[in-house]
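Data block below; observations after.
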Amino acid sequence: MTDSLNPETIVFFENRLMPLSEARVGILTHALNYGTGVFEGLRGYWNEEENQLLLMRPREHFLRWKQNCGILRIEVPWSAAELGDLTAGLVRRNGFRGDVYIKPLAYKSSQQIGIHMDGQNAFAIVAMPAPAYLDSSQGLHAGVTSWRRIEDNAIPGRGKICGSYVNGALASDEARRNGFDEAILLTEAGHVAEAASSNIFLVRHGKLITPPANENILEGITRDSVMELARKELRLEVIERPVDRTELYVCDEIFFTGTMVELAPVIRVDHRPVGSGQIGPVTAELRHLYTQAARGRLEAWRHWLMPVYEAVEELSSDRLR
Ligand SMILES: Cc1ncc(COP(=O)(O)O)c(C=O)c1O
């Protein structure tokens, strides 16, 4: 995915700006060996008419990052607002004029043998041109995987903890090898949790249904945006409740949400058509609304967006050291 990333791209690493080619970690780094990092992923959308790049809900992403870091007892020494400004500065510094993807990472950085976590942490933020991802324009064929979603008391799925992504990687690898585009994971109790790296919604009897936060899901920011759009723009009833596997087979529409997939329609599940087997009307309308909101074309949702190319104060250099 980053094959074409320019090694001269300026990244934030070890509290300073440097070229990507110089941002390296040692082979014994705790996080590399034991998965003890916490990452985020957010997007910036290019708005052609305004010649402007708009970061999508940076405050929510950085707040989630800071809170999730707390699960591993990593304290992020910047506020969400400072991190937003730092990211905007990074994008400006690279001069990106197109959609971008931004990946903040905090991790246990000591080079040690042994699983005990000490207080040595490191931070990085990489901004890059948005990579191509799963093409969902014609609708996806998803399959329920034999792997179960990780439990909160094993590795908290809400935490965006690096090591926990082995769960989604195994699931999506199995799904792709079995001919599906993406995997849907069930909880140990057999309820639908989410897809390998996105949340899931069903449309049934005219209502939007999604598994609640306590079903081992990642509490997606796109999920939250779509629920708000559905309630306020479409006046739809949105219900957070446990979902059985076979509801996937009898519902009218299904879609995934996530920063990378955005809003991806699912038209087949386990070799069965979803509803009519075409992209449904609620999915199509919500996808359109989400795209319009993210690109800054809906005034009511402009508060989600942070413009990059305007006078935003650079984070002073002594705060970076
Ligand atoms: C496991 C998982 N679920 C759901 C999501 C969707 O979350 P968001 O909409 O905040 O990107 C992601 C992506 O971050 C994810 O990795």
Open item on the list: Sort 8-16, 109-117 by packing, meaning the average of other beta carbons within 10 Å per residue, with the highest value first.
Closed with: 8-16, 109-117
TODO: Run the accessible area of region 81-130 with a 1.4 Å probe and give the carbon-and-sulfur part as a rounded percent.
DONE: 55 percent
Task: Rg/Rh for region 1-122, where both radii come from Cα atoms and Rh is the Kirkwood radius - done: 0.99
- [ ] With everything on Cα atoms, drop me the angle between helix 58-71 and the longest principal axis of the chain, reported from 0 to 90° to the nearest 10.
- [x] 80 degrees
Open item on the list: How high is the relative contact order of the chain? Use alpha-carbon pairs under 8 Å, at least six apart in sequence, and give a whole percent.
Closed with: 20 percent
Task: Packing rank of 145-153, 74-82, 221-229, 250-258, where each peptide gets the mean count of other beta carbons within 10 Å, highest leading - done: 250-258, 221-229, 145-153, 74-82
Task: Protection proxy ranking, peptides 230-243, 203-216, average beta carbon neighbours within 10 Å, highest first - done: 203-216, 230-243
- [ ] From the C-alpha gyration tensor of region 89-239, pull out the three semi-axes of the equivalent ellipsoid (sqrt of 5λ each), sorted largest to smallest, in whole Å.
- [x] 29, 23, 17
Open item on the list: Between helix 165-177 and the chain, what is the angle of the helix's C-alpha long axis to the longest principal axis, kept within 0 to 90° and rounded to the nearest 10?
Closed with: 50 degrees
Task: the chain: Lys pairs at Cα distance under 29 angstrom, eight or more positions apart or on different chains - done: 9
Task: Added length on full extension, which subtracts the Cα-Cα distance from 0.36 nm per residue, Met18 to Ser276 - done: 87.7 nm
- [ ] Taking just the C-alpha trace of region 67-122, give me its Rg and Dmax in Å.
- [x] 14.7, 44
Open item on the list: In Å², and per residue, what accessible area does region 158-300 have when probed at 1.4 Å with the other protein chains present?
Closed with: 41 Å²
Open item on the list: Probe of 1.4 angstrom, ligands and nucleic acids ignored: what's the accessible area per residue over region 30-109, in square angstrom?
Closed with: 36 Å²
- [ ] Can you grab the distance from the C-alpha centre of region 208-232 to the C-alpha centre of region 104-168, Å, no decimals?
- [x] 19 Å
Open item on the list: Need the C-alpha centroid separation for region 24-39 versus region 246-266, integer Å.
Closed with: 33 Å
Task: Cβ charges +1 (Lys, Arg) and -1 (Asp, Glu), total dipole of region 14-65, debye - done: 280 debye
Task: Carbon plus sulfur fraction of accessible area for region 145-254, probe 1.4 Å, in percent - done: 47 percent
TODO: Report, in degrees rounded to the nearest 10, the 0 to 90 angle that the Cα long axis of helix 80-94 makes with the longest principal axis of the chain.
DONE: 80 degrees
Open item on the list: With unit charges on the beta carbons (Lys and Arg positive, Asp and Glu negative) and the dipole taken about the Cα centre of the chain, which residue among Ala132, Ile10, Pro77 sits farthest to the positive side?
Closed with: Pro77
Open item on the list: Quick check: from the Cα gyration tensor, does the chain come out rounded (a/c under 1.5), prolate or oblate?
Closed with: oblate
Task: Computed [θ] at 222 nm, deg cm²/dmol, the chain (DSSP H ≥ 4; -39,500 (n - 2.57); rounded to nearest 500) - done: -7500 deg cm²/dmol
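The values are calculated or read from the model by the stated rules, or taken from the named source; none is laboratory data. Here the structure is a predicted model, which is why all the values come from computation and not from measurement. Glycine gets a Cβ as well: all are built from the backbone with ideal geometry, and neighbour counts include every protein chain shown. These accessible areas exclude ligands, DNA and RNA; they are computed on the full protein's heavy atoms, side chains included. Shrake-Rupley method; radii C 1.70, N 1.55, O 1.52, S 1.80 Å.
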